[in-house]
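Step one of this worksheet: look at the structure below.
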Amino acid sequence: MFPVIDTISIQPKLLFWNVAENPDTPPKAPAWKGLLRSVVRWFFIGLALLWSLCALTLVADRWINPLTTAMHTERRLQSWIHRKPYHERYQFLPLSQISPDLQHAVIAAEDARFYQHHGFDWHAMEIAAEDDMEGGHRLRGGSTITQQLVKNLFFGTDRSIFRKGAEFTLVPVAELVLGKRRILELYLNEVEWGPGVYGADSACHYYYRISARNIDRERSARLAAILPRPLKRRPEYMNHYSELILERMRQMGW
C-alpha cells in the first residue's frame with residue numbers, strides 16, 4: 001500500500017480572490033531603491049561626461065587660446081551678486097612676448113621644479129604639509145603651475161573634494177597634451193593678478209604701465225610675489241618676498 005498524500009496541504013496559499021502566493025518568487029525590492037540606483041548611475045555618467053569635456057578642452061587649448069575661464073566667470077558672478085563694478089582686463093600674449101625675467105620669477109616663486117616634475121611636486125607637497133602642521137610661514141603652497149592652471153581653467157576657487165579629485169586626474173592629461181611651454185604660456189595669461197586683472201600683460205600695464213615684454217627683473221619678482229593672494233597684496237609692499245624670489249632665481253641660474 002502506498003501512503004496517501006494530502007494534496008490539500010501542498011496547494012499554494014490563496015492571498016485574495018483566485019491569486020495564489022508563489023513561495024519561489026523573491027519579494028520585490030522597494031521602488032525607492034531602484035530610483036536611488038538610477039540617480040547614482042546617472043550622477044556618475046554625468047561626472048564622466050564633464051570630465052571628458054574638460055579633457056577635450058585641454059586638447060583644444062593646445063592650439064586655441066581660451067576666451068574665458070572658470071575663474072573669470074566666478075569673479076564676474078561675485079561682482080553681480082554683491083552689486084559691485086567689475087572691469088575685466090585680459091589680453092592674451094604669446095610666451096615669446098613675455099619677458100624671460102617675468103617667466104623665471106613666476107617659476108621661482110610658484111613652482112621651482114616645474115621643468116623636473118610631471119604635474120605633481122610630491123616633495124613640495126610634503127614640505128607644505130609639514131609647515132602647516134608646525135604652523136610655519138611659507139612663501140608658496142605645494143600646488144604646481146600645472147595644478148593651478150587646471151584649477152583656474154575649470155574650477156575657480158572651489159576647494160571641494162570633488163574638485164581635488166577631478167584636478168588630480170586632469171593634471172596628467174594637461175602635462176601630456178600641452179607640454180611645459182604651452183602650460184607656462186597659458187598659466188601666465190590666465191592667472192589672476194589683481195581685481196579683474198588676468199594675465200602677465202594686463203598685470204604689467206595695470207601696476208607699472210609697461211608691456212610684459214619690457215618688464216625688468218625686480219618688478220617681475222614683485223609681481224610674482226603677489227600671486228598667492230592677488231586680491232590682497234600689492235607689488236610695492238612685497239619687498240621681503242621679492243628679495244626671496246630674486247635669491248631663488250639666482251640659485252636657479254637665472
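The values are calculated or read from the model by the stated rules, or taken from the named source; none is laboratory data. The structure displayed is predicted, hence computed values, not measured ones. Here the Cβ is made from the backbone with ideal geometry for all residues, glycine too, and neighbour counts use every protein chain on show. In case anyone asks, the SASA skips ligands and DNA or RNA and just uses the protein heavy atoms, side chains included. Shrake-Rupley method; radii C 1.70, N 1.55, O 1.52, S 1.80 Å.
Against the condition acidic (Asp, Glu), crowded, with 22+ Cβ neighbours inside 10 Å and out of contact with any Leu (no Cβ under 6 Å at 6 or more places or on another chain), how does residue 190 come out, does it pass? Judged against the criteria, residue 190 is a match. Screening residue 206 against (1) touching a strand residue (DSSP E or B) at 6+ places or on another chain (Cβ under 8 Å); (2) under 23 Å from residue 64 (Cβ atoms) leaves a single unmet condition, (2).
Residues checked against (1) at pLDDT 95 or above; (2) open to solvent by 60 Å² or more (accessible area, probe 1.4 Å):
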site	(1), (2)
142	no, no
211	yes, no
216	yes, yes
221	yes, no
235	yes, no
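For the stretch 81-129, a residue qualifies if it is farther than 22 Å from residue 213 by Cα, of a type in the set (Val, Ile, Thr) and surrounded by 12 or more Cβ atoms within 10 Å (Cβ to Cβ), and exactly one does: 127. For the stretch 69-80, residues that are open to solvent by 30 Å² or more (accessible area, probe 1.4 Å) and free of Cβ contacts under 8 Å to residues at least 12 places away in the same chain total 3. Among the residues here, residue 143 does not qualify as outside any helix (DSSP H, G or I) and more than 17 Å from the chain's Cα centre (by Cα).
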